[in-house]
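All of the numbers you see were taken from the coordinates with simple rules; none came from a lab. Quick caveat: nothing in here was measured; it's all calculated off a predicted structure. We place every Cβ from the backbone using ideal geometry, glycine too, and count neighbours over all the protein chains shown.
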Amino acid sequence: MANITKKVSWSSRADESGATGEGTPLLNGSEQPRHSRQLSEGRSIFQIGRLSTVDLEEEITSDEDSLRGRPKEIPHNEKLLSLKYESLDYDNIENQLFLEEERRMSHMGFRCLEISRWVVCGLIGFLTGLIACFIDIVVEELAGIKYQVVKENIEKFTEVGGLSISLILWAVFNSAFVMVGAIIVAYFEPIAAGSGIPQIKCYLNGVKIPRVVRLKTLVVKVGGVICSVVGGLAVGKEGPMIHSGAVVAAGVSQGRSTSLKRDFKIFEYFRRDTEKRDFVSAGAAAGVSAAFGAPVGGVLFSLEEGASFWNQMLTWRIFFASMISTFTLNFFLSIYHNKPGDLSNPGLINFGRFETESVAYNLYEIPLFIAMGAIGGLLGALFNVLNYWLTIFRIRYVHRPCLQVMEAMLVAAVTATVSFTMIYFSNDCQPLGPDHTEEYPLQLFCADGEYNSMATAFFNTPERSVRSLFHNQPGTYNPLTLGLFTLTYFFLACWTYGLAVSAGVFIPSLLIGAAWGRLFGILLASITTTGSTWAVPGKYALMGAAAQLGGIVRMTLSLTVIMVEATGNITYGLPIMLVLMTSKIVGDYFVEGLYDIHIKLQSVPFLHWEAPATSHWLTAREVMSSPVTCLNRIEKVGTIVDILSNTSTNHNGFPVVVQVAGNDEPAKLCGLILRSQLIVLLKHKVFVELARSRLTHRKLQLKDFRDAYPRFPPIQSIHVSQDERECMMDLMEFMNATPYTVPQETSLPRVFKLFRALGLRHLVVVDDENRVVGLVTRKDLARYHLGKHGLEELQLAQT
Amino acid sequence: MSPYRHSSFWGFIVFNIYVLVSGDGGNLTASEIPPLSSVVLSSAVFKPGLGSVLSLNLLSSFPEDLEISDYCSELLHIFGQRYVAYVNCLVPAARPVKVCQNCFSSYGSLTEIFSNISSDQVGPGNVSCRDSLLRSDRLMLVYELYENLKVLWEKSDCHNCITKGFQNLTSDTLHFMTILNQTLTCFEQYQQKNKTELCTNCKTDYKNLNVLYGGMEKNKTMCIDIEDAMNMTRRLWSKNFNCSFPREETVPVIAVSSFMLFLPIIFYLSSFLHSEQKKRKLIHPNRAKSYSSLMNIQDNRS
């Protein structure tokens, strides 16, 4: 990765020629052994700990000097961790309030909770299906109008001359739609850009991405998807469905909308991160299931992306949500198509059914499929590398919203131009079929009764193009058309992904793959004399699509099942699996998957399945942050307000300690309290003095914490008078009395495992006398990763 | 396809005659009379012509109640005649396709007689021919024969061009035919002369025809005759006379598209040159300072 940063450093201005952002801080495995005092720049982070004693500072002055001369601002790169991302509080806070509430809750109450979980899952599925249906219908109608108008225009101008006007019309149409989509994304909700899968992946990983599951995001996402698909970009509407499903889940399960300021007073128990995250995984599954008509694939997607905390009941509920979602979509689409009750549209994309004779594949075809997988892996890696460079450029230079909108419009215009030019110069004419599989056949310069074959690929929504590549008769496309189409669409799709529009990469990948897969099939049939009997191009188109998609996104199990379910054909299970395996292996050799690249580029502290290998020698002592801001069990309000208001240390969890009388030593740990809890306490003024004076004062309940969730007010909005600052606050009741702790000598993988498996947010490091020495958070763990030169460390940055 | 259908058709006809004469070939297998069934089995192996001769001898050997009534055999006879008539009409109309306009009346009479046969009305002598003719054996020959032609009829969409009751061609069809004739005469008129002249002079006719065809296509009031005629005309127009639109505006299209392709280059260059590069402020986290950890690193390296 480091040399990629170098390659793009041409874009950086002269002053940071040092390229300090390169992941230099190699903790081990660096080439030449250095003495600890001559640490490389990056590692000097270690040196400036505030605890450092006087003589130590003297020792490292030379280092400090070099540090001062160095700019503290670096261009954005992938080796950063952003401060704006926090962890979810997946761990249950077992304080006294919680225990009290549990005691009060009857057996019946728990039963009702279980039932309402099912109800919520049903609702998630239903609403996700409805949204998918809405998107589908609107896209179909709008795209229909657009293509009809452009087609009529082209027909008119073919006759009288002036086709360049049609070209401009088409480009203007596209740009106009995309402009609307880009404006709502860039100006109103930038988090809705892209497919949303990386964001949901992070959320399921336990990272709280700001504003990712808000109603506003959903609205912008849906509107943006419609605009970008109708705008003719090389995008699909499937990826965003996953994000939409997740937002629906997060919204429905809370029984209220903070944006609309409506509280339905239901599902109050679910207002915390633990429950919400479970529902979000159900929502993501429902989204996948609606997008591809693949309920099992949806469940497996959630499992693959966020599987730390699963049990059998949760899986079953998620499956329920998925099924409801695909059924809802199916049902409402059948009404839209005037065939109520005909449940044959399970997903947004319908791969169509593969007929029996083309289904069959032979043993000797398997090596061919594997070769296709390898090609898919190579092309996917190329796609990802190109997109990586482009994204870095975009983050660095195209960050102003107006520029983003302009860029999106330009891409839309160029897409139209390229498509038009391709169609214009294509000589591939095919006779119109009897059953009119082509929705908008363009004749142009073909003989009457024939249509331009290039136009079926370009002058169409991408979903339809995929389907025609899968199912059209052999001979519908000639090899040159397919080759040109693959080439142009590859670059267009690569250019489009990462724009400030909400759109997915699934369909473009499938389309590229289907095109070269079909080409592969046609060439195969032409080189073998008896080929035509078994080399059905549609079959190879499917394999190519799977290979390309696998090469780009690198999903494994869930993608296999999604493809199998979307084609409705279990016979293809084995070849698709082999294809995806090969493409993943080949692709991983060069570069990571697209989603992982984007997660990295957004500087998200993402925890992978395992701690990086060769990190056992690192102990909690090196990993942790220290010193820790601790609170006393009975703390002065003023101190708390000051700590919370300190903008430089935006801590979220505070170990609560009991001071051993008259000792400078760090005090003993007795609990852990979160910023959000403290804020609620301050808001309700739960001070010891006030409680004494007002005996009737209502006791704070867990409900008060839930009501403030998830948007706890910032500390600045809470007014604390000068008198109140002198009051004391007893944290005993509210803190989590039994936080997880580890001794200092625990190895990094052990800490990591604890974190990942329990979904922790804070892990207190204590010494042998239970005194707090440090605190491990997600960012402390996520900064280690295995680079080209062994273990590397990411830097924290303000973004 | 067509020669195959042709031969099989003659096979049907001949076999049909055999059935007509023998009367109840199917019933025999059901009646389980050993000597007879063996004869019939062997007769089935024989050439049809020979079989018919042979089975003449068997006719009298069936008991009265198993034979079909005179009424039914009469119906069967008429069915055969009309069947032959229809097929005779179809075959010459195969290319260029005129199966609808030429043969609709004979198809009408065929359906009439078949509906007579298949109706459950009781004819004279209190017999219903439906059971005896249509479904008393595994072969169900009459039914199958009729069904084949019916499929053919439906596939050709002839019902779109024929009025109810097989009376006449629909007015739409007739109108189309006149326009088509106009166009073709125009083609003929100019064919000998300059091709470009043809393209300009017959354009209105041809265009009218196309518009009409497009309308019919949308309304789904087309049959195979019209489709085929249109296809042939189009092929004449575009392939033989070469009247399709030429690709002549290459230059403006290239100019506009290269302008469009040039825009993003300007955009990216200008945003690279004029936009402020986004910088990230690095933050230095607090870490425990310990020599032991650094020593660890050293140990690790050595």
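Within a Cβ distance under 10 Å of A:GLY377, other residues only, what is the Lys/Arg minus Asp/Glu net charge? Could the numbers behind the result be given before it?
Working: positive: A:ARG554, A:LYS584; negative: A:ASP588.
Charge balance near A:GLY377 sits at +1.
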Fill in the blank from the handout: Hits in segment B:201-224: amide N under 20 Å from the 7 Å Cα→Cβ extension of A:GLU159, namely B:201-219
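Set the Förster distance to 30 Å, then compute FRET efficiency between B:LEU263 and A:ILE137 from the Cβ-Cβ distance, nearest 0.05. Don't skip to the end; give the middle numbers.
Details: r = 33 Å, r/R0 = 1.11.
Step by step, r from the Cβ atoms, then E = 0.35.
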Handout entry: Charge dipole (segment A:336-403, unit charges on Cβ, about Cα centre) - positive-most of A:LEU368, A:ILE395, A:PRO340
Key = A:ILE395
Handout entry: Lys, Arg +1 and Asp, Glu -1 on Cβ, resulting dipole of chain A about Cα centre, debye, nearest 20
Key = 1380 debye
Practice task
Label segment A:65-137 by shape, choosing from rounded, prolate and oblate, from the square roots a ≥ b ≥ c of the eigenvalues of the Cα gyration tensor; if a/c is under 1.5 it is rounded, and otherwise prolate applies when a/b is larger than b/c, oblate when it is not.
Solution key: oblate
Handout entry: Degrees separating the helix A:573-590 axis from the principal Cα axis of chain A, which is the longest one
Key = 60 degrees
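Relative contact order of segment B:92-169: what whole-number percent is it, with Cα pairs under 8 angstrom and at least 6 residues apart? Spell out each step's value before the answer.
Values: 41 pairs, mean separation 25.5, N = 78.
Worked out over segment B:92-169, it gives 33 percent.
Would you mind giving the mean number of other chain beta-carbons within 10 Å of the Cβ of each residue in A:72-83, as a whole number?
Values: counts 6, 6, 4, 4, 4, 1, 0, 0, 3, 2, 2, 3.
Per residue, the number of nearby Cβ atoms from other chains is 3 on average.
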Problem - Linear extension gain, A:LEU786 paired with A:VAL658, 0.36 nm per residue minus alpha-carbon span - result: 42.1 nm
Handout entry: Virtual spin-label span in nm between A:LYS265 and A:GLU733, 7 Å along Cα→Cβ
Key = 2.4 nm
Problem - Dipole magnitude (debye, nearest 20) for segment A:379-524, charges at Cβ of Lys, Arg, Asp, Glu - result: 700 debye
Completion exercise
For segment A:112-336 the mean separation of alpha carbon contacts under 8 Å (6+ apart) over residue count, i.e. relative contact order in percent, is 28 percent
Practice task
Can you tell me how much longer the chain between B:ASN194 and B:LYS218 gets when fully stretched, taken as 0.36 nm per residue apart minus their C-alpha distance, in nm with one decimal?
Solution key: 5.2 nm
Exercise for the section: Please average, across the residues of A:157-170, the number of beta carbons from any other chain that are within 10 Å of each residue's own beta carbon, and give a whole number. Expected result: 3
Practice task
Check the cysteines of chain A one by one and keep only those with no other cysteine Cβ under 4.7 Å from their own.
Solution key: A:CYS112, A:CYS121, A:CYS133, A:CYS202, A:CYS227, A:CYS402, A:CYS494, A:CYS630, A:CYS670, A:CYS727
Exercise for the section: Determine, for each peptide in A:615-623, B:277-285, A:230-238, B:265-273, the mean count of other beta carbons within 10 angstrom over its residues, then list the peptides with the highest first. Expected result: A:230-238, A:615-623, B:277-285, B:265-273
Fill in the blank from the handout: If amide H atoms are modeled at 1.01 Å from N in the peptide plane, then the residues at a separation of 5 or more from A:GLU86, or on another chain, having amide H under 5 Å from its own are A:LYS208
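Please say if chain A is rounded, prolate or oblate, where rounded means a/c under 1.5 for a ≥ b ≥ c the square roots of the C-alpha gyration tensor eigenvalues, and otherwise the choice is prolate for a/b larger than b/c and oblate otherwise? Display every interim value, and only then the final one.
Numbers: a/c = 2.11, a/b = 1.65, b/c = 1.28.
It is prolate, given that a/c is not under 1.5 and a/b is the larger ratio.
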Exercise for the section: Would you mind computing, in nm to one decimal, how far apart the modelled labels at B:VAL91 and B:ASN116 are, each placed 7 Å from Cα along Cα→Cβ? Expected result: 2.5 nm
Exercise for the section: Find out how many positive minus negative residues lie around A:GLU114, taking Lys and Arg as positive, Asp and Glu as negative, among other residues whose Cβ is under 13 Å from that of A:GLU114. Expected result: +1
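Using a/c under 1.5 as the rounded threshold, could you call segment A:112-336 rounded, prolate or oblate? The axes a ≥ b ≥ c are square roots of the C-alpha gyration tensor eigenvalues, and prolate needs a/b larger than b/c, oblate otherwise.
Numbers: a/c = 2.53, a/b = 2.09, b/c = 1.21.
Cα axes put segment A:112-336 in the prolate bin.
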Problem - For A:VAL220, net neighbour charge (Lys/Arg +1, Asp/Glu -1) across residues whose Cβ lies under 13 Å away - result: +3
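Do the alpha carbons of any pairs in A:LYS339/B:LYS164; A:LYS84/A:LYS699; A:LYS146/B:LYS220; A:LYS216/A:LYS753; A:LYS146/B:LYS279 sit beyond 32 Å of each other, and which pairs? Working shown, then result.
Values: A:LYS339/B:LYS164 29 Å; A:LYS84/A:LYS699 34 Å; A:LYS146/B:LYS220 25 Å; A:LYS216/A:LYS753 35 Å; A:LYS146/B:LYS279 41 Å.
Among A:LYS339/B:LYS164; A:LYS84/A:LYS699; A:LYS146/B:LYS220; A:LYS216/A:LYS753; A:LYS146/B:LYS279, the Cα-Cα distance tops 32 Å for A:LYS84/A:LYS699; A:LYS216/A:LYS753; A:LYS146/B:LYS279.
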Problem - Spin-label model distance (nm) - A:LEU343 vs A:PHE425, 7 Å beyond Cα toward Cβ - result: 5.0 nm
Exercise for the section: Quote the FRET efficiency, to the nearest 0.05, computed for B:LYS239 versus B:THR163 with a Förster distance R0 of 25 Å and r equal to the Cβ-Cβ distance. Expected result: 0.10
Exercise for the section: Could you state the angle between the C-alpha long axis of helix A:366-397 and the longest principal axis of the C-alpha atoms of chain A, as a value from 0 to 90 degrees rounded to the nearest 10? Expected result: 60 degrees
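Would you please give the FRET efficiency between B:LYS155 and B:THR178, computed as 1/(1 + (r/R0)^6) with r the Cβ-Cβ distance and R0 = 35 Å, to the nearest 0.05?
Working: r = 26 Å, r/R0 = 0.75.
Approximately 0.85, to the nearest 0.05.
Given the DSSP H assignment, sum -39500 (n - 2.57) over each helix run of at least 4 residues in chain A and divide by its residue total; what's the result at 222 nm in deg cm²/dmol, nearest 500? Walk me through the intermediate numbers first.
Details: 31 runs with 428 residues, N = 799.
Roughly -17000 deg cm²/dmol at 222 nm, from the helical runs in chain A.
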Practice task
Compute the acute angle (0 to 90°) between the alpha-carbon long axis of helix A:537-553 and the principal axis of greatest extent of the alpha-carbon atoms of chain A; round to the nearest 10°.
Solution key: 20 degrees
